[in-house]
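*Asks:* First, the structure itself, so that you have it in front of you.
The values are calculated or read from the model by the stated rules, or taken from the named source; none is laboratory data. What you see is a predicted model, and the numbers here were worked out from it, not measured in a lab. Here Cβ is always computed from backbone atoms with ideal geometry, including for glycine, and neighbour counts include all displayed protein chains. In case anyone asks, the SASA skips ligands and DNA or RNA and just uses the protein heavy atoms, side chains included. Shrake-Rupley method; radii C 1.70, N 1.55, O 1.52, S 1.80 Å.
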Amino acid sequence: MTTNHLYLVDGSGYIFRAYHRLPPLTNRHGVPAGAVYGFTTMLWKLVDDLHKADGPTHLAVIFDASSKTFRNDLYDKYKAHRPPPPEDLVPQFPLIRDATRAFSVPCIEQPGLEADDIIACYAKAALAKGWQVTIVSSDKDLMQLIEPGLDMLDTMNNRRLGADYVVEKFGVPPAQLGEVLALMGDSVDNVPGVPGIGPKTASQLIQQFGDVEAVLANAETITKPKLRQSLIDHAANARLSRELVRLVCDQPLPEPLDDLALKGLPPEPLRAFLEEQGFRSLLLKVGGPSAEPVSAPAAIAEEAEPPFVHKEYETVVTEEALDRWIADGFAASMIAVDTETDHIDCMRARLVGVSLATAPGKACYIPVGHTGDGLLSETPAQLPLDLVLTKLKPLLEDPATLKIGQNLKYDLVMLRRNGVDVAPYDDTMLLSYDLDAGLTAHGMDDLAMRHLDHACIEFKTVCGTGKNQISFDKVPLDRATEYAAEDADVTLRLWRKLKPRLSPEAATRVYELVDRPLVPVVAEMERAGVHVDREELARLSGEFAGEIARLEAEIHALAGSPFTIGSPKQLGEILFDRLGLKGGRKGKTGVYSTDVNELERLAGDGAEIAAKVLEWRQLAKLKSTYTDALQAQINPATNRVHTSFSLAVAQTGRLSSTDPNLQNIPIRTAIGRRIRDAFVAAPGKLILSADYSQIELRLAAHMAEVPALRDAFARGEDIHNLTAMELFGEVNRETRGRAKTINFAILYGISSWGLAGRLGVDRIEAQAMIDRYFDRFPGINRYIAETLTKVREQGYVTTLFGRKTHLPGIRSSKQGERQAAERQAINAPIQGTSADIIKRAMVRMGPALAEAGLADVTMLLQVHDELVFELPESDVPAASAVIRRVMETAAEPAIRLSVPLGVEIGTGHSWGAAH
DNA sequence: TGGTTCACG
DNA sequence: GACGTACGTGAACCAG
C-alpha cells in the first residue's frame, strides 16, 4: 500500500498569480476568465496525476475568506494598503469556486484564518499521520512549512521546491525562514519589518544570531551604526513582524483529512462546467463535446428529479436536527435558503423561520418565531432565534458554500438586520431576469410553473386573504413547513435549471458584472432609508386639503351640481353632455377622455371649469400619493422611509421602486417640488444628488455612431440647440422645444403619427422632419434598421453589456402589437444600456468611497439616471470627486464609449435643494 | 379587477 | 387603405 499524499492548493495565491501571468482571456461570452482557465488547467493536471508516483491521493483547494483575521487584531494596518482586486478579476472568484466544485474537490475557507494558516493546519495534521504533503504555491511565507515529507510545487514552471531552494534563496533552512521574513518585512502585506533591512541583511543577521530575539539582544554589538540604531529603534516592530509571519497550525480542521480523498475526474459536472465556459481544448480531453452540444448543462438539468412530496419536508425543532442540516449544507457546498417573516416589508418584519434545501426534494423548515393563533393553538416548541442564527451564520457566511435564493435581496435585508451576512450567493430571480426578460415574470410561482411544471402552494391558501389574512407566525408548523420548505426546494431546483443556461445564452456577463453584485448594494440602500420632514409633509397636506375643498366648491358651482370630480366617467358627462363642450368619446369603455391634454385644450378654449379641474387633480394627486402617503410610510423604528427596489420587474433592466415609489417624487412643477424639499438630510449632514446628463442621447449617439452628435457631446454643446439648428436652421425657444421633442421621439422609436400628435402638426409634416433628421444625423437610420432586423431574426435585442430584452410581440399577427414591439426594440437597448451603466456605478461606489476614506457617505436612492447620497458636509468635496469619477467611468473597461458621460452634482439640505 | 390618470426618468 | 397616437415604471381612485 502506498503512502497517502495530500496536495493543498493555495487557491487565492494561484488566482492572483495566474491573473498577472496569463493573457486577459475571456470565456465564450465575454466574461474575463484568464485566471479561471489557468486554474482549471492546473487542477486538471493535479487530479489527473492521481496515483501517479508523487501524485495526489488527497486534494483540497484553500481560499482566503475575505473577513479580517487575527493578524488585524495584532496590527490594524496589516494588509491595509492592499488595493482591491482588479475589476476583471472579481467576477472570476465565483467561477473559480465553480471550477473546484466541478472537479468534486473540496473548497476550504475559514473566517479569521488566511489560506496560509489553514494550509499549515492541514499540513501538520497530515504529516502527523505519516502522509506526504505537497503545497501547490510559490508563496514565500508557506516555505516556512517545508520539512522532510513536505515540499512545494510551483505549477507555473513545474518546479518542486524543497529545503535546498529555501537555503539557496534565503540563506537559512525553512525552520528559520520566519525569522528572516520578519526582519525584512513585506511591503505588499504591510508587514513592517525593520527599516533598512532587506533580504540580504536579514539573512546574514539570522545566520549569525539564529532568530529575531537573538538579533535584538545582540543589537548593541553590531558594528554598522545605521543598522544598529534601526534595530534598537524598531525592536517592537521586529517582534510584531515575527508574530505576523508566524503561521497558525493548531486550529481544528474545517473538514476531516479523510474527506479530501481524491476520486478522479468526474466527467459530467466537469463537462458541464467546461462547456459553460467554452474551454474547448479541455472539453476534448474529457471525451469531446457531449452528444447534444448546447444542452450539455443538461448534465445537471436532465437528471431525473424526485417529485414534490410535502410530507417529507422536515420541521427542525432540535439542535441535533439543525446541526445535521447545517453539516449537509457544508457537505453539498451549496444550499437554497429562504426566510419567512410576519410582514412583506422587510424593514418592519420579524424573522419567523428559515427554510433550507440541500438537494431536490430534500428540504426543511426551521421555525423560530411562530406564536400560534392565540385561540386554538399555543405557541409551538421551537429552537430559540439566537441559537439558530448563531448556528446558521458560519454556513451562510462560509465563502466555500454557495447560497441560493429567490429574490435574495429580501432575505439579505432580513438577515443583515439579524447580524448575518450572506455570501457567496446566486439569485434565481435574477438568473431568470437575465435570461428571459420579456418572456416571463420572475416570481417564484411563475418560474416553478414554467420550468418545473409545478404549482407552488399559494401564500393565500396558507395565510388567507383580505381581512381574514393572518401573518406567517400564526400558521401551524406543519402547514408552515410544507409551504416554506417547498420554497427552498423549488429555489434549488430552479437554480439547477437556470444556472447552466447562463453562459450558453450569453447572460453571464450581465449577471456577474451587473445584476448579481447589485443585490447587497441595493439591500443596503433600502436599509439606510431616507429621512423626511414629517411636520412639513403634514403642513403641506393641510394646505392642499384647503385648496382642494375650495376648488371642489367652485367646480360644483360651475357644473351646476355636486359630482365626483375624481370619476373620469362623471367628469366627462358633466363636461361634454351637460355643459356641451366639444370633445369625443374614446376607447372601448365608451367614457370620454378627460386627461391632461383634453382638459388643457378645453381650458385654452376658455372653459374655466377645465382649468379648475386640472388644478384640483394636481393637488389631489400630490396629497393622496405623496404628502399623506409618505407620512404613513415612515418606519417607526428608524424614523426614515425605506422603499423597496425591484430588481427584476422592468423589461429593460431598470430598477423600479415601490412601497413607496421614491422614483416618481415630483420635481417638474413648483408646487410639486415642495414635496421634494421635505426629503431632508439628517442633522449635520447634506443631500448630494448626482445626475447623468442626457445619458440616453449620448448612448444613442454612440450606438448609432452619429458623428455630428458625438462631436457635439465631446465639445459639451447643448444637444437640443444643435438639433434645432440642423433641422430648422435657427435656434429659438420654439425650435429648441421641437428639437427636444424629436430627440425624445428618436429614443422612443419614432412614428410619424406620434410625432405629429406631439408637435401639433400633420403626419406629412412630421414625416418630413423625421426624414430631415435621418439626413442630418446619418447612423440613426441604420441603427433602427439593424435593430429591427435583429429583433425579427432573434426575437430579442441587447444592450452594450449583453442584457437581453425579448420581444415576442414582434411576431404577432396584430399589426399594432408588432409596431409596439418595434418601438420597444428601438428603445430597449438605449434605456437598458443606461441602466447597466448606472448599476455598475452603484456596485463600484461603496468600494471607491471606502478606499477614499469616505465611510460616512451613504447612497440612498437611484432614480434611473440619478444617485442620491447623504453625507457629512465636510465630505462634500472629496465625495463629489469620487462619485463623479465612478459614474463617468462606469462603463469601462468592459465598454469604451465614443462619447463622454457627463455628471452634474448638486448639494443641499434637502433633495429639492440639491438640484 | 381593470381602466384612467398622472407622478417620475 | 387600415392601423395607431412615443419608451419604461407605480399608486390612487373609481366603477363594476
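*Asks:* Quick one: A:Ala894 ticks every box in (1) modelled with pLDDT under 95; (2) of a type in the set (Gly, Ala, Ser); (3) part of a helix (DSSP H, G or I) bar one, so which box is it?
*Replies:* Evaluating A:Ala894 over (1) modelled with pLDDT under 95; (2) of a type in the set (Gly, Ala, Ser); (3) part of a helix (DSSP H, G or I) leaves (3) as the failure.
*Asks:* Return the total of residues in the range A:649-660 being of a type in the set (A, V, I, L, M) and open to solvent by 10 Å² or more (accessible area, probe 1.4 Å). Give the derivation first.
*Replies:* In the first step, residues of the range A:649-660 are kept if they are of a type in the set (A, V, I, L, M); the result is A:649-650, A:655.
Within this subset, residues satisfying the condition of being open to solvent by 10 Å² or more (accessible area, probe 1.4 Å) are A:649-650.
Counting residues in the range A:649-660 that are of a type in the set (A, V, I, L, M) and open to solvent by 10 Å² or more (accessible area, probe 1.4 Å) gives 2.
*Asks:* Which one of the conditions (1) under 25 Å from A:Asn664 (Cβ atoms); (2) more than 15 Å from DNA strand C (Cβ to nearest atom) does A:Ile609 fail to meet, given that it meets all the rest?
*Replies:* Here A:Ile609 meets the rest and fails (1).
*Asks:* Being under 30 Å from A:Leu622 (Cβ atoms), open to solvent by less than 10 Å² (accessible area, probe 1.4 Å) and in contact with a strand residue (DSSP E or B) (Cβ under 9 Å, 6 or more places away or on another chain) narrows it down to one residue among A:Val532, A:Val475; which is it?
*Replies:* Details: A:Val475 fails: under 30 Å from A:Leu622 (Cβ atoms).
Selected residue: A:Val532, the only one of A:Val532, A:Val475 that is under 30 Å from A:Leu622 (Cβ atoms), open to solvent by less than 10 Å² (accessible area, probe 1.4 Å) and in contact with a strand residue (DSSP E or B) (Cβ under 9 Å, 6 or more places away or on another chain).
*Asks:* Can I ask one more? Please go through the range A:377-399 and pick out each residue that is assigned to a loop (DSSP other than H, G, I, E, B) and open to solvent by less than 50 Å² (accessible area, probe 1.4 Å). Don't jump to the end; show me each part of the working.
*Replies:* Filtering the range A:377-399 for residues assigned to a loop (DSSP other than H, G, I, E, B) gives A:377-384, A:398-399.
Scanning the range A:377-399 gives A:Ser377, A:Pro380, A:Gln382, A:Leu383, A:Asp398, A:Pro399.
*Asks:* Given (1) under 26 Å from A:Ile634 (Cα atoms); (2) open to solvent by less than 40 Å² (accessible area, probe 1.4 Å); (3) among the basic types (Lys, Arg), identify the lone condition not met by A:Lys467.
*Replies:* Looking at each condition in turn, A:Lys467 falls short on (2).
*Asks:* Please return the ranges of helices (runs of 4 or more DSSP H) entirely within the range A:770-889 where 2 or more residues are under 22 Å from the mean Cα position of the chain (by Cα) and either buried (at least 16 other Cβ atoms within 10 Å of the Cβ) or within 13 Å of DNA strand C (Cβ to nearest atom) (or both).
*Replies:* Details: elements: A:780-794, A:815-851, A:876-888.
Filter on the range A:770-889 gives A:815-851, A:876-888.
*Asks:* Going through the range A:725-769 one residue at a time, which ones are surrounded by fewer than 14 Cβ atoms within 10 Å (Cβ to Cβ) and not in a helix (DSSP H, G or I)?
*Replies:* Residues satisfying the conditions are A:Gly729, A:Glu730, A:Asn732, A:Gly760, A:Asp762.
*Asks:* In this structure, is A:Thr371 assigned to a loop (DSSP other than H, G, I, E, B) and assigned by TED's automatic domain parsing to the domain that holds A:Glu314? Break it down stepwise before answering.
*Replies:* Numbers: assigned to a loop (DSSP other than H, G, I, E, B): yes; assigned by TED's automatic domain parsing to the domain that holds A:Glu314: yes.
For A:Thr371, the condition - assigned to a loop (DSSP other than H, G, I, E, B) and assigned by TED's automatic domain parsing to the domain that holds A:Glu314 - is met.
*Asks:* Report, by residue number, each residue of the range A:599-611 that is within 14 Å of DNA strand B (Cβ to nearest atom) and open to solvent by 40 Å² or more (accessible area, probe 1.4 Å).
*Replies:* A:Glu600, A:Arg601, A:Ala611 - these are the residues of the range A:599-611 that are within 14 Å of DNA strand B (Cβ to nearest atom) and open to solvent by 40 Å² or more (accessible area, probe 1.4 Å).
*Asks:* Starting from residues that are open to solvent by less than 30 Å² (accessible area, probe 1.4 Å) and in contact with a Leu (Cβ under 8 Å, 6 or more places away or on another chain), keep the ones in the range A:564-585 and report whichever is nearest to A:Ala553 (Cα to Cα).
*Replies:* Narrowing the range A:564-585 to residues open to solvent by less than 30 Å² (accessible area, probe 1.4 Å): A:565, A:567, A:571-572, A:574-576.
When the remaining residues are screened for being in contact with a Leu (Cβ under 8 Å, 6 or more places away or on another chain), the result is A:565, A:575.
Values: A:Ile565: 11, A:Leu575: 16 Å.
Among residues in the range A:564-585 that are open to solvent by less than 30 Å² (accessible area, probe 1.4 Å) and in contact with a Leu (Cβ under 8 Å, 6 or more places away or on another chain), the one nearest to A:Ala553 (Cα to Cα) is A:Ile565.
*Asks:* Limited to the range A:618-648, what total is found for residues that are near DNA strand C (Cβ under 10 Å from one of its atoms), open to solvent by 20 Å² or more (accessible area, probe 1.4 Å) and closer than 30 Å to A:Arg539 by Cα?
*Replies:* Looking only at that region, the number is 10.
*Asks:* Being within 23 Å of A:Leu396 (Cβ to Cβ) and basic (Lys, Arg), is that true of even one residue in the range A:127-144? Please lay out each step first, then the result.
*Replies:* From the range A:127-144, those within 23 Å of A:Leu396 (Cβ to Cβ) are none; that's our starting set.
Within the range A:127-144, none of the residues are within 23 Å of A:Leu396 (Cβ to Cβ) and basic (Lys, Arg).
*Asks:* Please enumerate the residues belonging to the range A:681-717 that are within 30 Å of A:Leu860 (Cβ to Cβ) and open to solvent by 60 Å² or more (accessible area, probe 1.4 Å). Even if it seems obvious, please write down each step before you answer.
*Replies:* Taking the range A:681-717 and keeping what is within 30 Å of A:Leu860 (Cβ to Cβ), we get A:681-700, A:702, A:713, A:716.
Within the range A:681-717, A:Pro683, A:Gly684, A:Lys685, A:Gln694, A:Gly716 meet the criteria.
*Asks:* OK, next. Among the strands (runs of 3 or more DSSP E) lying completely within the range A:125-210, list those that include at least 3 residues that are β-branched (Val, Ile, Thr). Write out each step before concluding.
*Replies:* Working: elements: A:132-136, A:150-154, A:159-161.
So the answer is A:132-136.
*Asks:* So, one more: Looking only at helices (runs of 4 or more DSSP H) that fall completely inside the range A:493-594, which ones have 1 or more residues that are within 16 Å of DNA strand B (Cβ to nearest atom) and within 44 Å of the chain's Cα centre (by Cα)?
*Replies:* Numbers: elements: A:516-528, A:534-559, A:568-572.
Hits in the range A:493-594: A:534-559, A:568-572.
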